[in-house]
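Engineer: Pasting a structure below so you can have a look.
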Amino acid sequence: MRSATVTRNTAETKIRLALNLDGSGQAKISSGIGFFDHMLTLFAHHGCLDLELQCDGDIKVDGHHTVEDIGIALGQAVQEALGDKKGIRRYGSFFLPMDETLALVALDISGRPFLVYEGGSMAPLIGEYDTELTPEFLRAFAVNAGITLHAKILYGANSHHKVEALFKALGHALREAVEKDPRVDGIPSTKGVL
């Protein structure tokens with residue numbers, strides 16, 4: 001079983017996260033930010049990942065530290081759970097339609113972290129979730145997971161749909177990339193390392 005548990009304690013957040021890459025999409029999430037809990041639940045469900053997360057963050061200030069630090073912890077958990085990366089597909093991509101919105105997420109478990117994000121204009125808040133935190137979460141996740149991540153809203157009008165489409169597409173793309181390919185025996189790179 002490819003799994004990891006990460007604990008991250010700072011002056012701003014206290015996080016405990018457990019991840020199973022070979023799960024069935026079960027999620028138990030408590031970040032203190034309702035909409036973000038919903039997004040992480042959708043990410044886990046569509047990625048067929050089992051994810052448990054408890055975060056006590058300084059949300060009385062705002063959600064920034066909570067969202068970014070969860071991205072860090074989740075990225076670390078993915079990195080740890082992947083182990084030596086032997087036999088994985090490595091690449092994953094997914095177009096996700098949600099009503100009037102179309103999102104694209106493409107990623108490479110490359111060991112070379114990078115984020116390209118094009119979210120377009122959004123309402124400043126969805127519930128208590130600051131939409132500016134979406135690229136902050138994605139960046140923290142990509143850097144700590146060691147992945148190249150491209151996330152783009154191709155078109156759409158409703159901010160809830162846009163963010164939700166990105167999180168669902170991220171789950172699907174990650175699911176594809178971490179999947180074992182029976183035809184790949186070693187590291188899926190001509191360099192011999194990821």
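Engineer: Relative contact order of the chain, please, whole-number percent, based on alpha carbon pairs below 8 angstrom and at least 6 residues apart.
Structural biologist: Reported relative contact order: 27 percent.
Engineer: Now, a different point. In Å, what Kirkwood hydrodynamic radius results for the stretch 3-178 from the alpha-carbon pair distances?
Structural biologist: That comes to 15.7 Å for the stretch 3-178.
Engineer: Ranking Ile187, Ile15 by Cβ neighbours within 10 Å, fewest first, what do you get?
Structural biologist: Ordered from fewest to most neighbouring Cβ atoms within 10 Å, Ile187, Ile15 come out as Ile187, Ile15.
Engineer: Let me ask you something else. Taking θ as phi - 60°, what are the ³J(HN,Hα) couplings along the stretch 54-61 by the Karplus curve (6.51, -1.76, 1.60), each to the nearest whole Hz, with x for Gly and Pro?
Structural biologist: 10, 10, 10, x, 7, 5, 5, 6
Engineer: How far apart, in nm, are the 7 Å Cα→Cβ label points at Ala11 and Lys152?
Structural biologist: The modelled label-to-label distance comes out at 4.1 nm.
Engineer: Could you give the dipole magnitude of the stretch 11-149 about its Cα centre, charging the beta-carbon of Lys and Arg +1 and that of Asp and Glu -1, in debye to the nearest 20?
Structural biologist: Rounded to the nearest 20 debye, it is 640 debye.
Engineer: What is the ratio of the Cα radius of gyration of the stretch 129-194 to 2.2 N^0.38 Å, where N is its residue count, to two decimals?
Structural biologist: So the Cα radius of gyration is 1.39 times the expected 2.2 N^0.38 Å.
Engineer: Across the chain, how many lysine pairs, 8 or more apart or on two chains, come within less than 20 Å at their alpha-carbon atoms?
Structural biologist: 10
Engineer: Between Tyr117 and Lys60, 0.36 nm times their residue separation minus their Cα-Cα distance comes to what?
Structural biologist: Between Tyr117 and Lys60, full extension yields an extra 17.8 nm.
Engineer: Further, regarding this structure: Helix-only estimate, please: 222 nm mean residue ellipticity of the chain, summing -39500 (n - 2.57) across DSSP H runs of length 4 or more and dividing by its residues, to the nearest 500.
Structural biologist: So the calculated ellipticity at 222 nm is -11500 deg cm²/dmol.
Engineer: Calculate how steeply helix 34-47 sits against the longest principal axis of the alpha-carbon atoms of the chain, using the helix alpha-carbon long axis, and give the answer as 0 to 90 degrees to the nearest 10.
Structural biologist: Between helix and principal axis, roughly 20 degrees.
Engineer: Hey, another quick one. Suppose R0 equals 30 Å; then what is the FRET efficiency for Ser110 and Met1 from their Cβ-Cβ distance, rounded to the nearest 0.05?
Structural biologist: That gives a FRET efficiency of 0.80.
Engineer: Now for a separate question. Which angle between 0 and 90 degrees, to the nearest 10, do you get for helix 159-178 versus the longest principal axis of the chain when only C-alpha atoms count?
Structural biologist: Rounded to the nearest ten degrees, it is 20.
Engineer: Can you work out the base-10 log of I(q)/I(0) for the stretch 32-97 at q = 0.19, 0.27 1/Å, using the Debye formula on its C-alpha atoms alone?
Structural biologist: Reported log10 I(q)/I(0), two decimals: -0.90, -1.32.
Engineer: In which sequence would Val116, Val61, Val6, Val163 go, from the one with the fewest C-beta neighbours within 10 Å to the one with the most?
Structural biologist: Val61, Val116, Val6, Val163
Computed from the coordinates by the stated procedures, all read-outs in this text should not be read as laboratory data. Quantities reported herein were computed from a predicted structural model and do not represent experimental measurements. Methodologically, a virtual Cβ is constructed for each residue, glycine included, from the backbone with ideal geometry; neighbour enumeration extends over all protein chains shown.
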